[in-house]
Every structure is written in C-alpha cells, then in structure tokens.
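Q: Got a structure here, written out as structure tokens. Questions coming.
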Amino acid sequence: MKNTPLNDEIRKQLRSLHEASGVGPQRLLNGKVDRPRGLNSTRIYHWMDGTAKTAWTEHLNWVLANWQAEEPLEPFTQADNERLDRELKRTGYTQTTLLNRLSPVPEGLTPDILHRLKSRRLHKLPSAHKKFLFKGLSALPDR
C-alpha cells in the first residue's frame, strides 16, 4: 500500500474536520462497512497528534472523504438559548414533551441534548437539528 507523508497541513485539516463535525475518529468509523481494512481510531488519533509520520493513502483518503461528508456543527449562541427559553415558556412544553410533539425527530436530537443546550454545557449542534427545533417551535400555538 502507498504511504502519504503527514505534514502540518494535513494534520491541521484532520483536526479542523474533526472539530467542525463534532464527530470523533471512533464515531466516524462506527458501522461503516466500506472502511478500509486495518483502519482504526487509534491510527487517526496518531495522525492528528503527530505520533504517526505517514498514513496509508487509501486510509487517509477515506477518512478525509468521510469527515467532509459529515454535517457541520452550528454554534448555539446565548441568543439561541434565550429564544429556546422564550419558546418553551410560550408553548408550555418541556424538552421531552416538545420532542414528543414534534416527531419525527432527527436522529441524535434528544431531550438530553436540549437540556445540555439550555444549561450551556453544549454549545454546538448540527444545523439540521437547530432548524428543526426552531421551525417546530415557531409552528406551535401558545399554551
């Protein structure tokens, strides 16, 4: 298999895709039937932290393509948090009852995610989740 030298530019790109997507190496690989043989999360972490100086080209290309295909995360700002609070008060819903009312909910959007957003322990989420949440809330009547 052909090797690709891992320079600072490639490492920076890997770290950037990791952060932008919020998807770690383990989750990136999880359940992917097309992942190249021998590719694992430890290898990817070693590419990013500089431990590994080269990567098999097939592995590196697969990781870059799959990370680029992940939906980027969008900031959930203080203004978004205040809007969420206002809308929950206006409608009388809680995080759990809201998601029950707005079904079908996108995969990965849970009451726990909403709680973590409200408590400011989570500051980013997929843009599709944010759009779904605010579109759904704005369509609900006052209590």
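The values are calculated or read from the model by the stated rules, or taken from the named source; none is laboratory data. Here the structure is a predicted model, which means the values were calculated and not measured. When we count neighbours, we look across all protein chains shown, and the Cβ atoms used for this are built from the backbone with ideal geometry, even at glycine.
Q: Counting only residues that are among the hydroxyl-bearing types (Ser, Thr, Tyr) and in a helix (DSSP H, G or I), which one in segment 1-48 is nearest to residue 113 (Cα to Cα)? Even if it seems obvious, please write down each step before you answer.
A: As a first pass, look at segment 1-48 and keep what is among the hydroxyl-bearing types (Ser, Thr, Tyr): 4, 16, 21, 41-42, 45.
Of the ones still in play, those that are also in a helix (DSSP H, G or I) are 16, 21, 41-42, 45.
Values: 16: 23, 21: 16, 41: 25, 42: 27, 45: 26 Å.
Result: 21.
Q: State which residue pairs qualify: first residue over 20 Å from residue 10 (Cα atoms) and at pLDDT below 95 and inside segment 32-45, second residue surrounded by 15 or more Cβ atoms within 10 Å (Cβ to Cβ) and among the hydroxyl-bearing types (Ser, Thr, Tyr) in any location, beta carbons under 6 Å apart, and separation of 6 or more residues or different chains.
A: Matching pairs, first to second residue: none at all.
Q: Looking at segment 109-136, I want the residues that are assigned to a loop (DSSP other than H, G, I, E, B) and have a partner that is crowded, with 16+ Cβ neighbours inside 10 Å with Cβ atoms under 6 Å, at least 6 apart or on another chain. Which pairs are those?
A: Short answer, once both residue conditions are applied: 109/129; 122/116; 123/76.
Q: Let me ask something else. Kindly evaluate residue 54 against the criterion of being loosely packed, with under 13 Cβ neighbours inside 10 Å and touching a residue at least 40 places away in the same chain (Cβ under 8 Å).
A: Values: loosely packed, with under 13 Cβ neighbours inside 10 Å: yes; touching a residue at least 40 places away in the same chain (Cβ under 8 Å): yes.
So residue 54 passes the test.
Q: State yes or no: is residue 79 over 30 Å from residue 119 (Cβ atoms), modelled with pLDDT of 95 or more and either surrounded by 12 or more Cβ atoms within 10 Å (Cβ to Cβ) or assigned by TED's automatic domain parsing to the domain that holds residue 124 (or both)? Step through it out loud before you land on a result.
A: Values: over 30 Å from residue 119 (Cβ atoms): no; modelled with pLDDT of 95 or more: yes; either surrounded by 12 or more Cβ atoms within 10 Å (Cβ to Cβ) or assigned by TED's automatic domain parsing to the domain that holds residue 124 (or both): yes.
Considered against the rule, which asks whether it is over 30 Å from residue 119 (Cβ atoms), modelled with pLDDT of 95 or more and either surrounded by 12 or more Cβ atoms within 10 Å (Cβ to Cβ) or assigned by TED's automatic domain parsing to the domain that holds residue 124 (or both), residue 79 comes out as no.
Q: When you go through 98, 84 one by one, which is the residue that is modelled with pLDDT of 90 or more, aliphatic (A, V, I, L, M), within 23 Å of residue 141 (Cα to Cα) and within 21 Å of the chain's Cα centre (by Cα)? Talk me through it step by step, then tell me what you get.
A: Numbers: 98 fails: within 21 Å of the chain's Cα centre (by Cα).
Result: 84 is the single residue among 98, 84 that is modelled with pLDDT of 90 or more, aliphatic (A, V, I, L, M), within 23 Å of residue 141 (Cα to Cα) and within 21 Å of the chain's Cα centre (by Cα).
Q: For segment 23-61, which positions are of a type in the set (S, T, N, Q) and more than 13 Å from residue 3 (Cα to Cα)? Spell out how you get there, then give the answer.
A: At the first step, the residues of segment 23-61 found to be of a type in the set (S, T, N, Q) are 26, 30, 40-42, 51, 54, 57, 61.
If the condition is that a residue be of a type in the set (S, T, N, Q) and more than 13 Å from residue 3 (Cα to Cα), then 26, 30, 40, 41, 42, 51 are the ones that fit.
Q: Which condition from (1) within 29 Å of residue 24 (Cβ to Cβ); (2) free of Cβ contacts under 8 Å to residues at least 24 places away in the same chain is the one that residue 89 breaks?
A: Here residue 89 clears every test but (1).
Q: Shifting gears a bit: Give me the pairs, please: first residue somewhere in segment 3-30 and surrounded by 16 or more Cβ atoms within 10 Å (Cβ to Cβ), second residue anywhere and of a type in the set (A, V, I, L, M) and assigned to a helix (DSSP H, G or I), beta-carbon distance under 6 Å, and either six or more positions apart or on two chains.
A: Once the first residue is surrounded by 16 or more Cβ atoms within 10 Å (Cβ to Cβ) and sits in segment 3-30, its partners that are of a type in the set (A, V, I, L, M) and assigned to a helix (DSSP H, G or I) give 14/48; 25/44.
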